[in-house]
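*Asks:* First, the structure itself, so that you have it in front of you.
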Amino acid sequence: MRPESTPLDSPRADVLTEAVEGFGTVRFTPVDPVADSAVLHSWVVEERAQFWGMNGASRELVQEIYEDVDRRDTHHAYMVRLDDEPVALFQTYEPTEDRVSYCYEAREGDIGVHLMLAPAAGRPRPGFSRTLIGSLIRFAFRDPAVLRAVAEPDASNAKALALLNRLGFVRQGEITLPEIDLPEVYLPEKRAVLAFLDRPAVLPAAVAAVHQG
């Protein structure tokens, strides 16, 4: 079974749910910094999550970081659940309000994305990644005004780059994201790979019902 996490009952309403035949119900829910902090902390302190820059963070710091995200109108974090089990963290942001805007000319209709998959445990589930990726793409482009997804993973994060390839992103080369040093957030300079995914002419079809809140 995948992943090995503690199911949580978040009081927040789902933004989008998909009942996928033979897979389960995929739910996108805004991160609740308090209710979700334990699961998020258990993910970000793992060695595989080193590129998120929170390996040594306490649970309290992780909660504070997502409280800051929660206050913003331009940055959003979603817990992705399969039925009631957390399987991924998906974040979106407006590139014009992010440091990536220093590295490329943002277009109207761009949306920035970050993805962290939950740690795998037990035997792999056939078709898990493929099915989840379809849900992620549908979610990112659920607003017709979104024309292009932008990603900027760490240039040395081979697993993230491989995932971008599976999602269909096209790499545009390496960039250097500038250091951000503000009272509410600190981000060190980062060498990253800039990649884009144009809105598909036809979005991947959900196997069953889709509900958007």
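*Asks:* Please work out the Cα center distance from segment 153-175 to segment 129-150, rounded to the nearest Å.
*Replies:* Spelled out, the Cα-based centre of one part sits 16 Å from the other.
*Asks:* In whole Hz, with x marking every Gly and Pro, tabulate ³J(HN,Hα) for segment 61-74 from phi via Karplus 6.51 cos²θ - 1.76 cosθ + 1.60, θ = phi - 60°.
*Replies:* 5, 4, 4, 5, 4, 7, 5, 5, 4, 5, 7, 8, 8, 9
*Asks:* State the extension gain, in nm to one decimal, for the chain segment bounded by LEU203 and ASP143, taking 0.36 nm per residue of separation less the distance between their alpha-carbons.
*Replies:* So the chain would gain 20.4 nm between LEU203 and ASP143.
*Asks:* Can you pull a Stokes-Einstein diffusion coefficient for segment 70-137 at 4 °C (1.567 mPa s), Rh from Kirkwood over Cα pairs, as a whole number of µm²/s?
*Replies:* Calculated translational D: 93 µm²/s.
*Asks:* Pairwise over distinct Cα atoms, reciprocal of the mean inverse distance: report the Kirkwood radius of segment 25-139 in Å, one decimal place.
*Replies:* Mean inverse Cα-Cα distance, inverted, gives 15.3 Å.
*Asks:* Amide H to amide H under 5 Å from VAL20: which residues, 5+ apart in sequence or cross-chain, H placed 1.01 Å off N in plane?
*Replies:* Residues meeting the criterion, in which the H sits 1.01 Å from N, are THR25, VAL26.
*Asks:* Normalising by the residue count of the chain, find the relative contact order in percent from Cα pairs under 8 Å and 6+ residues apart.
*Replies:* The value is 23 percent.
*Asks:* Using amide H atoms built in the peptide plane, which far-off residues or other-chain residues are under 5 Å from VAL31 H to H?
*Replies:* ALA77, TYR78, MET79
*Asks:* Rank GLN91, PHE139, PRO188 by how far each Cα sits towards the positive end of the charge dipole of the chain (+1 on Lys, Arg Cβ; -1 on Asp, Glu Cβ) and give me just the farthest.
*Replies:* The one lying farthest along the dipole's positive direction is PHE139.
*Asks:* With only alpha-carbon atoms counted, please give the Rg and Dmax of segment 114-176, in Å.
*Replies:* Cα only, segment 114-176: 13.3, 40 Å (Rg, Dmax).
*Asks:* Calculate one ³J(HN,Hα) per residue across segment 85-93 by plugging θ = phi - 60° into the Karplus curve 6.51 cos²θ - 1.76 cosθ + 1.60, and present them in order as whole Hz with x for glycine and proline.
*Replies:* 9, x, 10, 6, 10, 10, 10, 10, 7
Read-outs: derived from the displayed coordinates by stated rules, not from any lab. From a predicted model like this one, the values you see are computed outputs, not experimental measurements. Reconstructed Cβ throughout: ideal geometry from the backbone, glycine too, with neighbour counts over all protein chains shown.
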